[in-house]
Amino acid sequence: MERPLWAPHGIDLSVPSVSRIYDYYLGGSHNFEVDREAGRRAIEAFPGLPKIMQANRAFMRRAVRYAVDRGVTQFLDIGSGIPTFGNVHEIARAAAPEARVVYVDHDPVAVAHSRAVLEGDERTDIVAADLRAPHDILAADEVARLLDLRRPVALLLVAVLHFMEDRDEPWKAVAELRDALAPGSLLVLTHASTDGGPMKPEEGEEVQGVYRRVGSPLLMRSKGEVAGFFEGFEMVEPGLVPLSAWRPDADDDSPACAGYAGVGLRP
C-alpha cells in the first residue's frame with residue numbers, strides 16, 4: 001500500500017485504527033481500506049452506526065456552545081480523534097474568538113494530522129497522550145501554555161471511555177482529571193450503551209466483536225455505570241440521556257441513538 005503524505009511514518013497501515021474507523025463513519029478521507037473494512041463489518045452488525053456517530057458529533061457541538069454560553073472558553077478534548085469539519089475549536093471560536101483548545105489523542109495518525117491542521121494556531125494544540133495516564137495529560141507543556149486550570153475548563157470525554165476496560169480504571173482516571181479542575185468547570189461525556197435500544201444486546205455483541213478483532217475492546221456500559229463518571233459533578237438538565245435527547249436543536253430530527261450523553265458541572 002502506498003503511504004499517503006498525511007500518514008506519519010512508523011505506523012502499520014495494515015492495522016485498523018479506532019480514530020480512522022470513526023473518520024470513516026463520518027465520511028472523512030483520513031482512513032485506509034483496512035479501517036473501512038472494519039467499519040463496514042460493524043455497520044453490517046448494526047446499520048445505524050453512522051447515524052450514531054453523527055449524533056455524537058452533533059451533541060458535542062451543542063455542548064461546546066452551551067459551555068461558551070456559560071462563559072467557559074477553555075477546552076480539554078481527550079480522545080479527540082482526527083479533526084473534521086465542525087471540530088471543537090471551530091465551534092467554540094464561532095461564539096468566543098478568544099477560546100483556547102487542547103486536543104489529546106494517543107493515535108499517531110490523529111496526532112500527526114491534528115498538528116498539520118493546527119499549524120500556526122497559537123490558541124490550539126495537540127498532546128500525544130493516553131487517558132489511562134491522566135497525570136501525563138495534566139503535566140503536558142501544551143496544557144500549561146494554553147489552559148489556566150485555576151479557571152473553569154470544559155473537559156470533553158466524547159466517545160472515548162467505552163474503549164477503556166474496567167481494569168484500566170476509567171472512573172479513577174476521570175476523578176483525577178476532575179480534581180484538577182476549578183469550580184465552574186464542565187464534564188462533557190458520551191458513552192456507548194445498549195440500554196433501552198435501539199441497538200439490541202445481540203447487535204451490540206456483534207459490534208463489540210468487530211472492535212475486539214481490531215484490538216480495541218468496546219464496552220457497552222449501563223446507564224448506572226456511565227452515571228458513575230459524573231461523581232463530584234452536578235448534572236446539567238436534562239441529565240444523562242440518549243445522545244439525541246440532550247438539548248436538541250429545534251430542527252434536529254436525529255433518531256433515537258444507542259448511547260448516553262450528559263454534561264456535569266463541578267461545584
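The values are calculated or read from the model by the stated rules, or taken from the named source; none is laboratory data. Predicted model, so just to flag it, every value in this text is computed and none were measured. All Cβ positions, glycine included, derive from the backbone under ideal geometry; neighbour counts span all protein chains shown. Just the protein is used for accessible areas: all its heavy atoms, side chains included, with ligands, DNA and RNA removed. Shrake-Rupley method; radii C 1.70, N 1.55, O 1.52, S 1.80 Å.
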#### Entry: Candidates Asp35, Asp69, Asp77, filtered to the one that is out of contact with any Ser or Thr (no Cβ under 8 Å at 6 or more places or on another chain), of a type outside the set (A, V, I, L, M, F, W, C) and free of Cβ contacts under 8 Å to residues at least 40 places away in the same chain
Asp69
### Task
Starting from segment 14-28, keep only residues that are more than 20 Å from Gly48 (Cβ to Cβ) and open to solvent by less than 30 Å² (accessible area, probe 1.4 Å), then list their pairs with residues that are of a type in the set (Lys, Arg) and not in a helix (DSSP H, G or I) whose Cβ atoms are within a distance under 7 Å, requiring at least 6 positions of separation or different chains.
none
### Task
Any residue in segment 83-104 that's touching a residue at least 24 places away in the same chain (Cβ under 8 Å) and over 18 Å from Leu146 (Cα atoms): show its pairings with residues that are among the hydroxyl-bearing types (Ser, Thr, Tyr) and part of a helix (DSSP H, G or I) at Cβ separation under 8 Å, as long as the two are six or more apart or on different chains.
Pro83/Ser114
### Summary
The correct count of residues that are open to solvent by less than 20 Å² (accessible area, probe 1.4 Å) and more than 27 Å from Tyr211 (Cβ to Cβ) in segment 120-160 is 7
### Message
Please pick out the residue among Pro198, Pro267, Pro170, Pro242 that is open to solvent by 30 Å² or more (accessible area, probe 1.4 Å) and at pLDDT 95 or above.
### Response
Pro267
### Query
Name the residues in segment 29-40 that are in a helix (DSSP H, G or I) and buried (at least 18 other Cβ atoms within 10 Å of the Cβ), would you?
Val34, Asp35, Ala38, Gly39
### Query
Condition test on Arg115, is it open to solvent by 20 Å² or more (accessible area, probe 1.4 Å), under 21 Å from Ala63 (Cα atoms) and of a type outside the set (Gly, Ala, Ser)?
no
### Query
When segment 135-156 is examined, which residues are found to be touching a helix residue (DSSP H, G or I) at 6+ places or on another chain (Cβ under 8 Å) and closer than 17 Å to Gln74 by Cβ?
Ile137, Leu138, Val143, Leu149, Ala154, Leu155, Leu156
### Query
Does segment 91-100 contain at least one residue that is open to solvent by less than 10 Å² (accessible area, probe 1.4 Å) and within 21 Å of Leu161 (Cβ to Cβ)?
no
### Task
Considering only segment 196-222, state which residues are part of a helix (DSSP H, G or I) and in contact with a Phe, Trp or Tyr (Cβ under 6 Å, 6 or more places away or on another chain).
Glu203, Val207
### Message
Whether any residue in segment 174-193 is open to solvent by 20 Å² or more (accessible area, probe 1.4 Å) and of a type in the set (Ser, Thr, Tyr) is what I want to check.
### Response
no
